[in-house]
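Colleague: The structure that follows is given in the form of structure tokens.
The values are calculated or read from the model by the stated rules, or taken from the named source; none is laboratory data. Computed from a predicted structure; not experimentally measured. Cβ placement follows ideal geometry from the backbone for every residue including glycine, while neighbour counts extend to all protein chains displayed.
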Amino acid sequence: MLVIPSIDVENGRSRIVYWRGAATGVGSPTDRPERIAERFVTLGARLIHVVDWDGARAGGPVNLETMGRIAGHNAVPLQVAGGMEGADNIRLAFAAGATRVVVSMAVADQPQLLAECLAVAGAWLAVGLDMRPERIAAYPWHRPAPPSLIELAGELADNGVRRLVLSMGGARPDLAFLSEIARATSAELYVAGGSVDLDAIKRLRDAGIAGIILGAPLLSGAIDFAKALEAAA
């Protein structure tokens, strides 16, 4: 299972300062996304996830220059989320150096938009889904009744989506529910955030999850990246 460092970018900088040695005073802090990514790649990261916070608010990619710097400094795939909905937005991200994109759950309710995104990104498109049933139920769906998460996962896979990113919303991953989703879809499953520790990482690995995306726990040092890689192996 992949352990994927996540960097939230706002105004070209990481929203969380990375300082692995904060507890001991070793090293120096940085909020430069390309340096943070480079450090994790040196430690063994095989994929970097970047959230364009400004892009999410604007409805299109904003931190393209930052994406380019990250891609230029690191020879691993770059996955970008935030304002990626739409073929032109994805093209801009790819031109800047992204190799994968994550679009929001909204595309599940817009077949034409989903088809346009898939036409550009193909297998490198992922759709983000919220694991909280109340969030899905509250979304203003253009269908007779709100779908369940399992129904959404199966529907997206049937439409050609190869990867799903499941957001925990700060909760501890429900392994039984994740296993149920895995059985219901052919898409690879990635877990984003949530309340996790090394034991939870091992359990996600054993449940067949393809990767876990972690931001603050890795950047703050709450979870040691090297130990996380060992737990995921």
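Colleague: Hey, can you tell me all the residues within region 190-208 that are in contact with a Leu (Cβ under 8 Å, 6 or more places away or on another chain) and either of a type in the set (S, T, N, Q) or within 25 Å of GLU38 (Cα to Cα) (or both)?
Modeller: TYR190, VAL191, ALA192, GLY193, VAL196, listed by residue number.
Colleague: Let me ask something else. Report the residue count in region 173-192 for those that are surrounded by 21 or more Cβ atoms within 10 Å (Cβ to Cβ) and closer than 21 Å to VAL80 by Cβ.
Modeller: Final tally of qualifying residues: 5.
Colleague: Quick check on my filter: what residues within region 110-131 are surrounded by fewer than 20 Cβ atoms within 10 Å (Cβ to Cβ) and in a helix (DSSP H, G or I)?
Modeller: Once the filter is applied, which keeps residues that are surrounded by fewer than 20 Cβ atoms within 10 Å (Cβ to Cβ) and in a helix (DSSP H, G or I), region 110-131 yields PRO111, GLN112, LEU113, ALA115, GLU116, ALA119, VAL120, GLY122, ALA123, TRP124.
Colleague: Please return the ranges of helices (runs of 4 or more DSSP H) entirely within region 132-233 where 2 or more residues are in contact (Cβ under 8 Å) with a residue 40 or more places away in the chain.
Modeller: 149-158, 198-206, 216-219, 225-232
Colleague: What are the residues in region 88-100 that are under 14 Å from VAL62 (Cα atoms) and crowded, with 17+ Cβ neighbours inside 10 Å, if any? It would help to see each step written out before you state the result.
Modeller: Residues of region 88-100 under 14 Å from VAL62 (Cα atoms): 88-98.
Scanning region 88-100 gives ASN89, ILE90, LEU92, ALA93, PHE94, ALA96, GLY97, ALA98.
Colleague: Can you tell me which condition GLY170 does not meet? The list is (1) of a type outside the set (Phe, Trp, Tyr); (2) touching a Ser or Thr at 6+ places or on another chain (Cβ under 7 Å); (3) crowded, with 18+ Cβ neighbours inside 10 Å, and all the others hold.
Modeller: (3)
Colleague: So which residues in region 73-83 are surrounded by fewer than 20 Cβ atoms within 10 Å (Cβ to Cβ) and modelled with pLDDT of 95 or more, if there are any at all?
Modeller: Correct list: VAL76, PRO77.
Colleague: All but one of (1) more than 30 Å from ARG20 (Cα to Cα); (2) of a type in the set (A, V, I, L, M); (3) surrounded by fewer than 16 Cβ atoms within 10 Å (Cβ to Cβ) hold for VAL161; state the number of the condition that does not hold.
Modeller: With respect to (1) more than 30 Å from ARG20 (Cα to Cα); (2) of a type in the set (A, V, I, L, M); (3) surrounded by fewer than 16 Cβ atoms within 10 Å (Cβ to Cβ), VAL161 is out only on (3).
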